[in-house]
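In what follows, a single structure is set out as structure tokens and then discussed.
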Amino acid sequence: MPTFKSPRGTRDLLPPETATWTRLERLAADLAIRYGYRRIETPMFESADVFERGVGEITDIVEKELFRLAPRTEESGAWALRPEPTAGIVRAYIQHGMQTWPQPVRLTETGPMFRYDRPQAGRYRQFWQWDIEAIGDAGPAIDAEIVELGMRFYRDAGLVGVEVLLNSIGDPACRPAYVEELTDYYRGHLDGLPELERVRLERNVLRLLDSKDPAMAALNAAAPKITDRLCEACAGHFAEVRAHLDALGVPYRLEPGLVRGLDYYTRTAFEFYVTGREGQQQAIGGGGRYDGLVELLGGRPTPGIGFGIGLDRLILALAETGVEPVPEAGTVAVVVGADPGDTAGRLRVATELRAAGIAARADLGQRKLGKQLEAAARDHAHFAVILGDELAAGEVGLRDLPAGTQKLVAVADLAREIERAHGAHRHGAGAGAGPD
Ligand code: HAM
């Protein structure tokens, strides 16, 4: 047993699995650019107030799961690791006067989030999200655009059978009456409520609807539905969101029980699932509209909408649905030599190849040529560049390892020749060496 292990609920992401991560992060970054979302990086910790006010004090995320940092000095504030990026991004939007930029401000951030949750499959204490936010557009068209972007990401990632569950959870005009009705409903079933839910009933009744307690399932299924109580403006907005999704050909399933686990949501709320895996912990992404959040954190009233896609769960889902992991982009050429002691010569040639953009390494072990070639084959390199006597005449041996052929190439032409032959190999019938 090793002396130290990664903390409970965290994992080391190791090669070759990291190749899949790199591919998804690139895909997310490419899609963000294509849809006009600009990169933002906010700190991994913020004043705890940002999350308490933003996400809401009576939520699982803040009550039970916030990683609070012990203050180190008197002047240090009450900080917490970010459990999600939206509150921090909105804090940044206000702080940097983004209200004066052309609206909406479209932002994207990818990185680790932290929740002190009970670890289990697909639920980690450090996990990664791809986050998208459009701040300053009240919708409804942008709501549909964002849902479509999420669906496109899953599709381009190769995940099939993704479904979006859609709801509207109203606004300050219609929600209070609904909250009152819901409170009355649960009060009428007080005996069936677990202790925690009884406390929440008086403080934040909507949270009962997304309770993870199995004792709540039947009660929640029979609870009054917000969608039947929307005010005219919210109902109209919701109808338009659906009409835009229909126009884009994005299928969705209406789910009137969907309220999301964060307090900042208004109107549109949605979650992504792989069909048939709709358990509490299985959402592979989720988001919605937060028209009150900018004001709540001290800015001018400004609408917003976004989503967070859980990359850990996406990768699990890809593996479970039989999608092949992405092969690592390997070494294309290994520089080997007849003189075991001439590491400087091998290093120089490898350095020149790398400067020309080729993934090359030099064999730096002081061992016989045969051993160097074996190591190159084990690496699945396409070429061995062999330094021998011909080097005096400015030439090296270029061996195509899978093909077993070899020829002499002028050092001056080496990079170009490798580029050409490797490109032909990748795109030809014998492809399969992996994307690089
Ligand atoms: P969320 O639903 O709390 O929303 O998280 C989004 C996604 O992050 C989830 O659907 C899930 O895939 C992943 N996730 C959450 N917790 C864990 C965990 N413990 N382990 C692994 N994956 C997890 C938000 O965070 C909002 N900020 C989304 C948003 C953006 N709404 C508007 N803008």
- [ ] Just name the residue that is surrounded by the fewest Cβ atoms within 10 Å (Cβ to Cβ) out of those in segment 2-51 that are hydrophobic (A, V, I, L, M, F, W, C) and part of a loop (DSSP other than H, G, I, E, B).
- [x] 4
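Determine whether residue 248 is in contact (Cβ under 8 Å) with a residue 60 or more places away in the chain, within 13 Å of residue 140 (Cβ to Cβ) and of a type outside the set (S, T, N, Q).
Here the answer is yes, as residue 248 does meet what is asked.
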Open item on the list: Looking only at residues that are touching a residue at least 40 places away in the same chain (Cβ under 8 Å) and part of a loop (DSSP other than H, G, I, E, B) in segment 77-102, which one is nearest to the ligand (Cβ to nearest atom)?
Closed with: 84
Task: Selection count where residues are part of a loop (DSSP other than H, G, I, E, B), more than 9 Å from the ligand (Cβ to nearest atom) and of a type outside the set (Gly, Ala, Ser), scope segment 117-144 - done: 3
Open item on the list: within 26 Å of residue 83 (Cα to Cα) and more than 8 Å from the ligand (Cβ to nearest atom): which single residue out of 318, 262 fits that description?
Closed with: 318
- [ ] Considering every residue within segment 292-303, establish whether at least one is among the hydrophobic types (A, V, I, L, M, F, W, C) and free of Cβ contacts under 8 Å to residues at least 12 places away in the same chain.
- [x] no
- [ ] Residue by residue through segment 203-251, note down the ones that are over 20 Å from residue 169 (Cβ atoms) and of a type in the set (Asp, Glu).
- [x] 213, 246
Task: Residue in segment 166-186 that is in a strand (DSSP E or B) and of a type in the set (A, V, I, L, M) present - done: yes
Task: residue 152 vs. criteria under 25 Å from residue 239 (Cα atoms), out of contact with any Gly (no Cβ under 7 Å at 6 or more places or on another chain) and charged (D, E, K, R) - done: yes
Task: segment 58-76, residues that are surrounded by 12 or more Cβ atoms within 10 Å (Cβ to Cβ), free of Cβ contacts under 8 Å to residues at least 60 places away in the same chain and of a type outside the set (Lys, Arg) - done: 62, 63, 65, 66, 67, 69
Open item on the list: For segment 146-157: of the residues being crowded, with 20+ Cβ neighbours inside 10 Å and either of a type in the set (S, T, N, Q) or more than 14 Å from the chain's Cα centre (by Cα) (or both), which is farthest from the ligand (Cβ to nearest atom)?
Closed with: 147
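All of the numbers you see were taken from the coordinates with simple rules; none came from a lab. Note that the structure is a prediction, hence the values are computed from the model and not measured. Because the Cβ atoms are built from the backbone with ideal geometry, glycine has one as well, and the counts that use them run over all protein chains shown.
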